[in-house]
Structures are given as structure tokens and as C-alpha cells.
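The next block holds one structure in the form of C-alpha cells; read it before the comments.
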Amino acid sequence: MNYKQDKTEPFWWSMFAAGGMVAAMLIPMHLFVAGLAVPLGLLNPDTVSYESMREMISHPLAKIYFFVLIVMPLYHAAHRVRFSLYELGIREFSISMHYLCYGGALLGTGFAAYIFFHLL
């Protein structure tokens with residue numbers, strides 16, 4: 001199947017855009033708060049201790065935040081990998097390329113959902 005004839009392409013482009021926004025806006029902010037704010041003295045070390053983080057992640061809104069923080073860049077990466085492989089001339093394997101790329105993102109979504117909403 002030619003990727004230009006795919007009827008689900010607008011959906012995947014919107015997931016690509018949303019994943020890019022999360023990767024560009026939320027991940028740097030999260031890395032700053034979680035990784036740099038304590039060494040720079042901007043945040044109390046007790047705020048990011050294991051116990052406080054464990055308590056925070058048990059809140060449903062925090063679970064949703066971390067779920068989005070992990071899952072949306074998966075779709076962004078899947079779209080980038082798919083079209084990068086097309087540009088390199090790799091059009092199809094034994095299974096269609098979009099099944100491999102987006103299927104991996106869907107598996108990652110299911111795995112993240114299982115962890116966040118069943119284990120934590």
C-alpha cells in the first residue's frame with residue numbers, strides 16, 4: 001500500500017504533532033524540575049525524594065501527566081522513523097511499514113497504561 005493513499009494519515013500526523021509538542025514543551029520542563037532544580041538549589045531535596053515522588057505518582061492527575069509525557073513522544077518517534085525509512089528507500093518489509101512503526105507505539109501505549117494504571 002502506498003503511504004499517500006492511507007486514509008488514517010491525518011490521524012497519525014496529528015499524533016505526530018501532539019507528540020512533538022510534548023517532546024518540545026513538557027520534557028525539558030520536567031527534566032529541569034526533576035534533574036537540575038535540586039543541584040542548582042532552586043528546589044528542596046525533600047521535595048523530590050523517593051517517598052514524595054511515590055506519593056505524587058499515586059494521584060490520578062499525575063498518572064495522566066506521566067502517561068502523556070511518555071506516550072505522545074512514542075507516536076512522534078514512530079512517525080519520524082517511518083518517514084525517515086521511506087526517505088532512505090526502505091518502503092516495505094514483509095509487513096507494511098506503518099504497522100511496524102505505529103504498532104510499536106501502540107504497544108508502548110499499552111505497556112505504559114498497564115504500568116501506570118495497574119501497577120502504580
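No value in this document is a laboratory result; all are computed from the given coordinates. Worth saying up front: this structure is predicted, and the values here are computed from it rather than measured. Cβ atoms come from the backbone with ideal geometry, glycine included; neighbour counts cover every protein chain shown.
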For this session: Grab every C-alpha pair in region 58-120, bin the distances at 10 angstrom width from 0 up to the longest one, and report whole percents.
Result: 22, 41, 23, 12, 2
Seminar exercise, completed: Hits for the chain under the membrane-span-like helix rule (DSSP H, Cα axial span at least 20 Å, Kyte-Doolittle mean at least -0.5) are 60-87, 97-114
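Test of the criteria: in region 54-108, which chymotrypsin sites (Phe, Trp or Tyr not before Pro) are in a DSSP loop and have at most 12 other Cβ atoms within 10 angstrom of their Cβ? Don't jump to the answer; show the numbers that get you there.
Details: sites: Tyr65, Phe66, Phe67, Tyr75, Phe83, Tyr86, Phe93, Tyr99, Tyr102; in loops: Phe93.
Here the sparse-neighbourhood loop sites are Phe93.
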For this session: Using just the helices of the chain, give the 222 nm mean residue ellipticity in deg cm²/dmol: DSSP H runs with n ≥ 4 each add -39,500 (n - 2.57), and the total is spread over all residues, rounded to 500.
Result: -19500 deg cm²/dmol
For this session: With viscosity set to 0.890 mPa s and temperature to 25 °C, compute the Stokes-Einstein D of the chain, Rh being the Kirkwood radius across alpha carbon pairs; µm²/s, no decimals.
Result: 150 µm²/s
For this session: For region 32-106, run through the trypsin sites (Lys or Arg not before Pro) and keep only the ones in DSSP coil with at most 16 other Cβ atoms within 10 Å of their Cβ.
Result: Arg91
